[in-house]
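Q: Next up is a structure, given as structure tokens.
The values are calculated or read from the model by the stated rules, or taken from the named source; none is laboratory data. None of the values given here were measured: they were computed from a predicted structure. Cβ placement follows ideal geometry from the backbone for every residue including glycine, while neighbour counts extend to all protein chains displayed.
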Amino acid sequence: MTLLKILTAGFLAGLAFVATEASASVLDTVKQRGVLNCGTDNTAPGFGYLNTATGKMEGLDVDFCKAIAAGVLGDASKVKFVTVTDKSRFDAVLTGQVDVVFAHTTMKPARESAIAIDFLPINFYDGTGIMVKVASGAKQFADLDGATFCTTQGSATETVLSSAFKARGWKDSKVLTYENLEKLFAALNSGRCNAMSTDRSALAAWAGNSAKPADYLILPDTLDKSPFAGFVVANDSRWRNALRWISYGLFQAEESGVTQANLEEKLKSNDPFIQKFLGVGAGFGKDFGLPDDFNAQAIKAVGNYGELYDRNLGPKTKMFLDRKGTPNAPWTEGGAIYSPLWN
Amino acid sequence: MIAKPLKWSHHNLFGKPFDVLLSLTVIPAVIWMAFEALRWALTVAQWDIIPRSIRVLMIGIFPADQAWRAWTAALIITALLGAGLGCVFALRRHHGLVLALCALACLAAGFVRDPVAVGFAMAGLALFGGTWFASSHSTVARRLVLPGAAVGLIAIFAVIAPPGVGLWGGLLLSILLTLVTSIVSLPIGILLAFGRRSRFSSVRWICTAYIEVMRSVPLILVIYWIWIIMPVLTPQLSIADVARGMIGFTIFYSAYVAEYVRSGLQAVPRGQVEAARSLGMAEFDINRSIVLPQALRVVVPALVGNVLDIFNAAPLVFIIGLTDFLRAGQMILANPEYSNRTYEVYAFLFLTYFLIGSVITFVARKLEAHLARGSR
Amino acid sequence: MALEQANAGVARSDAASIVARRRRNRVKYQATQLAIVVVAIALVLLLGMLVNSGLAQRGINFTFTFLWNSAGFDISEGKTVVFDQSIGPRLTDFTADLNLAQAFVAGLFNTLKVAILGIVLSTVLGTLFGVGRLSTNWVVRNLCFWVVEFVRNTPLLIQIVFWYFAVVLQFPAIASAAKFHGVIISQQGLYLPTLTWQGAGDAVALVLLTACVVAIVGTIFDRGRARWLCCAVAVVVFALMLGKGTIAVDFPMASKFKASGGTSISPEMAALLLGIVFNSASYIAEIVRGAIDTLPKGQWEAAAALGLSRRDIVNDIILPQVFRVVLPSFGNQYISLTKNTALGIAIGYPDLFNIYGTVANQTGHSLEGIIIVMLAYLVISWIISAIVGAIDHRLNAVGAAR
């Protein structure tokens, strides 16, 4: 029995030790640790995907993680990718297991109000689309009264579909939820679902890469907007602001014409804004607790927003998503990729 | 010539009208299914996906340039398995033949593919056979097995941990998870089983409550709950996802081990304890050197079966974002390019699981037979 | 007791010292007992406090009030309880307007639906497999063996995915599905015609219906004299019901996307059921086979010598003895089966765990959800244990009396 008592006492002491308060900003924690824990998906090609041929993580969300590691720690390789699922992503950031999550997460108020998280700037504008098989004969959303819709569990699409049915007074339509897109697509192919509903970017990728792309029709209707953004734990404005401005920096770099290739050149530029932006001399970083050259580091690592978009999602990739004419184009070309004023 | 099969089939297939009916419906159905499966596997299926993504399946997101670490760990595991097997049954000539055939198959497959993999596979087989032979033919080697296993396990972790435990994945993760859980849950389970028979009703009550609660809730919930609650409890320590998954598994399976051990404890005749007491032995010594060894001996097959249960439950770690063997397969299928290879990948996963599961079941059955013979 | 009586003859001083030592021992025992309880309670309290402070520190709001918020999402199947102006609580299909507590109830309903059906079916199938492994027919014997092997040596998660995508979803679409007297087997689900009650839906009809069902159940299961009484009651109640309305057959009608009317089993439920029934049946088969093996061989031989056929031996001699032995193991298996329904998440079956996932994602209240789901599973498991225990007690009491 004494053994038990000693063990218990030891355990209690251990708990008391590890439970001491910690209320510093995540920014300090990350700098102290020297590694950024970044939550991403690993099953979403184009956003966060483990390339099974190379064994490397790639995608838009992955590049944002790298940019932040480069901006905060000055080294894009100081990032540890932690896989989060649609189910675990909020819990992961709330419990401090990851410092930031970039996992194609739709930004909406209920998530910021009910879950203690804060969103970062939107890094991709998507919309909830519907895909059917051509053979079904459906041409638009209105043809699908009574149909079975499939979507991923825990996604914003679940509530979007529910309210779309309600708005149209559809009583017999059902929503089936699967844990991943692969099952969703299989269910559509088998005919279990009459329609597959998720973000348009994913629909395009699945249809475009299938054996017979002509078999699928993405309906013209966009049920709702689906803006993607990373998020951090709520009430930590130092961390959140640092990440916001690293993200905006990628947008601004595209607008100012700074690319991964011409970075060295631009570092020697005489333009005072470019100098300050890239942190040659005094930059913007100090007030955020970042190194002054955080923008230059981020661009060196992943390029500007346009470059990382084209690399991961553009028409040359398997995702076939042209930016032109979409909100993902820079604001100078009529899109919504807009950085606030720096100077 | 023909009389013997006729007699056999009369006895075994067409004995009674009902048997005739059964045989006539079941045999064609089975043949048809086997034929369809074979036809699909040989003509329709495109198996190129498997060699192309074998690394992700085996080691998940473990960095490619560190793959030798995983291979080394696999070698140690095969050596330990061989040694363990050798303690129970001797390596006979036909076992050697099977091993040689496996080696030949590896070699044949290897001339087409990666020579490094073949080298490792051959080394693994050689180690397996070697340790099996050694421990079945030499008492000295057998005495070295337990310390060897301890050293081996530490070596596995020393080899595989440096790139970061968060990178473990694929079949490697499934196996490590099974190993750690089955080893750690054993002492905890034994303690719980004794706790359930304790003199103190409070200890009894606490242990019973723990066991019953764990046996009543789904594993997937326990894992997820531990995954959430641990960082809240210990904000200073960042415990890797993998470790938390293992803790969840251990907490859950300890209860099952406790129940198996308890059934073993009940099988030890009461008279033995009383006899030991009358000899003036301390309670602790009685339990340690008289009750426990006999109890464990009875429940070894059940515990091996429990290892299989753990291995089969390992895919549930997908819930906390770990990439085990099954999830690695799903990750490959998550690439839209491979959307028409679903059946190939699942068939491969299924067969691999079945192969490993069958080996574990086989060992459990052999152990059962061996122990039954020993107790006579 | 025996010891005390033996001590009575010993010298008084000895007895006194023994009593004193006993008392000391008892005090020591109680003190340790108390210490353990105090430590355990302190530990639990400490853990609770730590979790609480940890949550507060991270700004996680721990409350159950979110349960009364409107759900805002649909669930593909499942009934839930609503309270409105009618006679009391009633079951209805879940819709997005209902609150999250009712979403959990719908999930619980789905879990129970699969669990109860699964328990019944796996017991039957498992017994068949178990007996089949001892069949004289070579094919049956080996088929049973290999099915059990395949199922036991692979993860249930893969099996469920296999049943769903490789079997259930390979059925024809509803438009081209085979229709047989209102039975429709399609990948949209299995549709069966049902008997429906057409007429007054008041309390009297409800009472009559319940009475009728109870009487019929009694007729089927009671083997004593009460059987005839039940039968008579059933006939009388049925006649009374016909006086108040009619019973019609509701045939499912196929439409463009699905069928309506009748009763249906969704593909998800069918696949989950197939998966867990085959899985549990394999374990039950092993339990049954093990139990049959432990019976003395002489029983088979004696029965065969009496001229009983093999089927009679199994039905009348072997199985009754087996069931008396295996019930506790069956109980454990039933609990595993119920827990395994949580894997429905892999194929989109909206069971309790699946609903929890959706709720946690929409509201962020993960911990509260887990507590609710855990409690629900605990209660279900205890109920199963209690029922199995009661049956076991009764069976063995009867056995002992014989």
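Q: Would you confirm, using the coordinates I've provided, whether A:Ala195 is more than 14 Å from chain B (Cβ to nearest Cβ) and touching a residue at least 12 places away in the same chain (Cβ under 8 Å)?
A: Values: more than 14 Å from chain B (Cβ to nearest Cβ): yes; touching a residue at least 12 places away in the same chain (Cβ under 8 Å): yes.
Yes; evaluated as a whole, the condition is true for this residue.
Q: Out of B:Arg288, B:Arg277, which single residue is within 14 Å of chain A (Cβ to nearest Cβ) and assigned to a helix (DSSP H, G or I)? Before the answer, list the steps.
A: Values: B:Arg277 fails: within 14 Å of chain A (Cβ to nearest Cβ).
Exactly one residue qualifies, and that residue is B:Arg288.
Q: Can I ask one more? Answer yes if at least one residue in the range C:367-374 is within 14 Å of chain A (Cβ to nearest Cβ) and of a type in the set (D, E, K, R), and no otherwise.
A: Yes: the range C:367-374 contains one or more residues that are within 14 Å of chain A (Cβ to nearest Cβ) and of a type in the set (D, E, K, R).
Q: If you don't mind, there's one more thing I want to ask. So, in the range C:295-323, exactly how many residues are closer than 22 Å to C:Asn396 by Cα and in contact (Cβ under 8 Å) with a residue 24 or more places away in the chain?
A: 7
Yes or no, residue by residue, for (1) aliphatic (A, V, I, L, M); (2) within 14 Å of the chain's Cα centre (by Cα); (3) within 22 Å of A:Ala195 (Cβ to Cβ):
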residue: A:Thr54; (1), (2), (3): no, no, no
residue: A:Glu58; (1), (2), (3): no, yes, no
residue: A:Ile115; (1), (2), (3): yes, no, no
residue: A:Lys133; (1), (2), (3): no, no, yes
residue: A:Gly137; (1), (2), (3): no, no, yes
residue: A:Thr151; (1), (2), (3): no, no, yes
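Q: What are the residues in the range A:86-104 that are surrounded by 24 or more Cβ atoms within 10 Å (Cβ to Cβ), under 14 Å from the mean Cα position of the chain (by Cα) and farther than 18 Å from A:Val26 by Cβ, if any?
A: A:His104
Q: Looking only at residues in the range A:159-199 that are touching a helix residue (DSSP H, G or I) at 6+ places or on another chain (Cβ under 8 Å) and among the small types (Gly, Ala, Ser), which one is nearest to B:Ala328 (Cα to Cα)?
A: Within the range A:159-199, the match that is nearest to B:Ala328 (Cα to Cα) is A:Ala186.
Q: Could you tell me whether C:Ile276 is surrounded by 18 or more Cβ atoms within 10 Å (Cβ to Cβ), touching a Ser or Thr at 6+ places or on another chain (Cβ under 7 Å) and modelled with pLDDT of 70 or more? Walk me through it before giving the result.
A: Working: surrounded by 18 or more Cβ atoms within 10 Å (Cβ to Cβ): yes; touching a Ser or Thr at 6+ places or on another chain (Cβ under 7 Å): yes; modelled with pLDDT of 70 or more: yes.
Against the criterion (surrounded by 18 or more Cβ atoms within 10 Å (Cβ to Cβ), touching a Ser or Thr at 6+ places or on another chain (Cβ under 7 Å) and modelled with pLDDT of 70 or more), C:Ile276 qualifies.
Q: Only one residue in B:Leu322, B:Leu296 is touching a strand residue (DSSP E or B) at 6+ places or on another chain (Cβ under 9 Å), aliphatic (A, V, I, L, M), over 21 Å from C:Trp163 (Cβ atoms) and more than 13 Å from chain C (Cβ to nearest Cβ), so which one is that?
A: Only one candidate passes the filter, namely B:Leu322.
Q: Further question on the same structure: Residue by residue through the range B:79-112, note down the ones that are over 21 Å from the mean Cα position of the chain (by Cα), surrounded by 15 or more Cβ atoms within 10 Å (Cβ to Cβ) and modelled with pLDDT of 75 or more.
A: Result: B:Ala103, single match.
Q: Could you pull out the residue among B:Val242, B:Val222 that is farther than 28 Å from C:Ala56 by Cβ, assigned to a helix (DSSP H, G or I) and in contact with a Phe, Trp or Tyr (Cβ under 7 Å, 6 or more places away or on another chain)? Break it down into steps so the answer makes sense when it comes.
A: Working: B:Val222 fails: farther than 28 Å from C:Ala56 by Cβ.
Sole residue among the options that is farther than 28 Å from C:Ala56 by Cβ, assigned to a helix (DSSP H, G or I) and in contact with a Phe, Trp or Tyr (Cβ under 7 Å, 6 or more places away or on another chain): B:Val242.
Q: If we scan the range C:378-401, do we find a residue that is within 14 Å of chain A (Cβ to nearest Cβ), under 25 Å from B:Met214 (Cα atoms) and at pLDDT 90 or above?
A: Checking the range C:378-401: not a single residue is within 14 Å of chain A (Cβ to nearest Cβ), under 25 Å from B:Met214 (Cα atoms) and at pLDDT 90 or above.
Q: Kindly establish whether A:Phe47 is over 26 Å from C:Thr358 (Cα atoms), more than 8 Å from every other protein chain (Cβ to nearest Cβ), crowded, with 24+ Cβ neighbours inside 10 Å and in contact with a strand residue (DSSP E or B) (Cβ under 9 Å, 6 or more places away or on another chain). Outline the logic, then answer.
A: Details: over 26 Å from C:Thr358 (Cα atoms): no; more than 8 Å from every other protein chain (Cβ to nearest Cβ): yes; crowded, with 24+ Cβ neighbours inside 10 Å: yes; in contact with a strand residue (DSSP E or B) (Cβ under 9 Å, 6 or more places away or on another chain): yes.
For A:Phe47, the condition - over 26 Å from C:Thr358 (Cα atoms), more than 8 Å from every other protein chain (Cβ to nearest Cβ), crowded, with 24+ Cβ neighbours inside 10 Å and in contact with a strand residue (DSSP E or B) (Cβ under 9 Å, 6 or more places away or on another chain) - is not met.
Q: Follow-up. Can you go through C:Gly344, C:Gly357 and tell me which one is under 15 Å from the mean Cα position of the chain (by Cα), among the small types (Gly, Ala, Ser) and part of a helix (DSSP H, G or I)?
A: It is C:Gly344.
Q: Give me the residue from the range A:274-283 that is assigned to a helix (DSSP H, G or I) and of a type in the set (A, V, I, L, M, F, W, C) and, out of that set, surrounded by the most Cβ atoms within 10 Å (Cβ to Cβ). Step through it out loud before you land on a result.
A: Filtering the range A:274-283 for residues assigned to a helix (DSSP H, G or I) gives A:274-278.
Applying the additional criterion that residues be of a type in the set (A, V, I, L, M, F, W, C) yields A:274, A:277-278.
On the way: A:Ile274: 18, A:Phe277: 24, A:Leu278: 27.
Ranking the candidates gives A:Leu278 first.
Q: Would you confirm whether any residue within the range B:238-251 is buried (at least 21 other Cβ atoms within 10 Å of the Cβ), within 30 Å of B:Asp285 (Cα to Cα) and either out of contact with any Lys or Arg (no Cβ under 9 Å at 6 or more places or on another chain) or within 14 Å of chain C (Cβ to nearest Cβ) (or both)? Lay out the reasoning, then the answer.
A: Of the range B:238-251, the ones buried (at least 21 other Cβ atoms within 10 Å of the Cβ) are B:241-242, B:244-246, B:248-250.
From what is left, the residues that are within 30 Å of B:Asp285 (Cα to Cα) are B:250.
In the following step, the residues that additionally are either out of contact with any Lys or Arg (no Cβ under 9 Å at 6 or more places or on another chain) or within 14 Å of chain C (Cβ to nearest Cβ) (or both) were identified as B:250.
Checked against the condition, which is being buried (at least 21 other Cβ atoms within 10 Å of the Cβ), within 30 Å of B:Asp285 (Cα to Cα) and either out of contact with any Lys or Arg (no Cβ under 9 Å at 6 or more places or on another chain) or within 14 Å of chain C (Cβ to nearest Cβ) (or both), the range B:238-251 yields at least one hit.
Q: Can you tell me which residue among B:Phe14, B:Phe62 is touching a residue at least 12 places away in the same chain (Cβ under 8 Å) and not polar (S, T, N, Q)? Give the steps one after another, and end with the answer.
A: Values: B:Phe14 fails: touching a residue at least 12 places away in the same chain (Cβ under 8 Å).
Sole residue among the options that is touching a residue at least 12 places away in the same chain (Cβ under 8 Å) and not polar (S, T, N, Q): B:Phe62.
Q: Same structure, new question: Of the residues A:Lys300, A:Lys286, only one is farther than 30 Å from A:Ala204 by Cβ and surrounded by 17 or more Cβ atoms within 10 Å (Cβ to Cβ); which? Give the steps one after another, and end with the answer.
A: Details: A:Lys286 fails: surrounded by 17 or more Cβ atoms within 10 Å (Cβ to Cβ).
From the options A:Lys300, A:Lys286, the qualifying one is A:Lys300.
Q: Suppose the filter is in contact with a strand residue (DSSP E or B) (Cβ under 7 Å, 6 or more places away or on another chain) and at the interface with chain C (Cβ under 10 Å from one of its Cβ atoms); does B:Ser198 pass it? Outline the logic, then answer.
A: Working: in contact with a strand residue (DSSP E or B) (Cβ under 7 Å, 6 or more places away or on another chain): no; at the interface with chain C (Cβ under 10 Å from one of its Cβ atoms): yes.
When the stated conditions are applied, B:Ser198 does not pass them.
Q: Are any of the residues in the range B:246-262 in a loop (DSSP other than H, G, I, E, B) and free of Cβ contacts under 8 Å to residues at least 24 places away in the same chain? Step through it out loud before you land on a result.
A: Step one: filter the range B:246-262 for residues in a loop (DSSP other than H, G, I, E, B), giving none.
No, there is no match, as no residue in the range B:246-262 is in a loop (DSSP other than H, G, I, E, B) and free of Cβ contacts under 8 Å to residues at least 24 places away in the same chain.
Q: If you take the residues of the range C:323-341 that are farther than 14 Å from C:Gly78 by Cβ and within 9 Å of another protein chain (Cβ to nearest Cβ), which of them is nearest to the chain's Cα centre (by Cα)? Write out each step before concluding.
A: Taking the range C:323-341 as the starting set, the residues that turn out to be farther than 14 Å from C:Gly78 by Cβ are C:323-340.
With the extra rule that they be within 9 Å of another protein chain (Cβ to nearest Cβ), the set shrinks to C:332, C:335-336, C:338-340.
Details: C:Asn332: 11, C:Ile335: 7, C:Ser336: 9, C:Thr338: 5, C:Lys339: 9, C:Asn340: 10 Å.
Result: C:Thr338.
Q: Considering only the range A:57-77, state which residues are assigned to a loop (DSSP other than H, G, I, E, B) and either touching a Lys or Arg at 6+ places or on another chain (Cβ under 9 Å) or facing chain B (nearest Cβ under 8 Å) (or both). Write out each step before concluding.
A: Quick first cut of the range A:57-77, residues assigned to a loop (DSSP other than H, G, I, E, B) only: A:59, A:74-77.
Once the filter is applied, which keeps residues that are assigned to a loop (DSSP other than H, G, I, E, B) and either touching a Lys or Arg at 6+ places or on another chain (Cβ under 9 Å) or facing chain B (nearest Cβ under 8 Å) (or both), the range A:57-77 yields A:Ala76, A:Ser77.
Here's the yes/no breakdown for (1) free of Cβ contacts under 8 Å to residues at least 60 places away in the same chain; (2) under 27 Å from the mean Cα position of the chain (by Cα):
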{"position": "A:Gly257", "(1), (2)": "yes, yes"}
{"position": "A:Ser269", "(1), (2)": "yes, no"}
{"position": "A:Phe273", "(1), (2)": "no, no"}
{"position": "A:Gly281", "(1), (2)": "yes, no"}
{"position": "A:Gln297", "(1), (2)": "no, yes"}
{"position": "A:Lys300", "(1), (2)": "no, yes"}
{"position": "A:Leu308", "(1), (2)": "no, yes"}
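Q: Please verify whether the range C:15-24 includes one or more residues that are over 27 Å from A:Ile117 (Cα atoms), outside the structural domain of C:Tyr334 (by TED's automatic domain parsing) and at pLDDT below 80. Explain how you work it out, then say what you get.
A: Here is the first cut: in the range C:15-24, the ones over 27 Å from A:Ile117 (Cα atoms) are C:15-24.
Applying the additional criterion that residues be outside the structural domain of C:Tyr334 (by TED's automatic domain parsing) yields C:15-24.
Next, only the ones that are at pLDDT below 80 stay: C:15.
Yes, the range C:15-24 has at least one match.
Q: Please report, ordered by residue number, the helices (runs of 4 or more DSSP H) entirely within the range B:1-86 with at least 2 residues that are of a type in the set (Gly, Ala, Ser). Lay out the reasoning, then the answer.
A: On the way: elements: B:3-12, B:17-39, B:49-59.
Here the list reads B:3-12, B:17-39.
Q: Which residues, taken from the range A:201-258, are assigned to a strand (DSSP E or B), more than 14 Å from chain B (Cβ to nearest Cβ) and of a type outside the set (A, V, I, L, M)?
A: So the first thing to find is which residues in the range A:201-258 are assigned to a strand (DSSP E or B), and the list is A:216-218, A:224-233.
With more than 14 Å from chain B (Cβ to nearest Cβ) added as a condition, the list becomes A:217, A:224-232.
Hits for the range A:201-258 are A:Asp224, A:Lys225, A:Ser226, A:Pro227, A:Phe228, A:Gly230, A:Phe231.
Q: Go through the range A:161-198 and count every residue that is polar (S, T, N, Q) and over 25 Å from the mean Cα position of the chain (by Cα). Break it down stepwise before answering.
A: Initially, the range A:161-198 is screened for residues polar (S, T, N, Q), giving A:162-163, A:173, A:177, A:180, A:189-190, A:194, A:197-198.
Then keep just the ones that are over 25 Å from the mean Cα position of the chain (by Cα); that gives A:173, A:189-190, A:194.
The number of residues fulfilling the criteria is 4.
Q: Could we say that B:Asp285 is charged (D, E, K, R) and within 24 Å of A:Val93 (Cα to Cα) here?
A: When the stated conditions are applied, B:Asp285 does not pass them.
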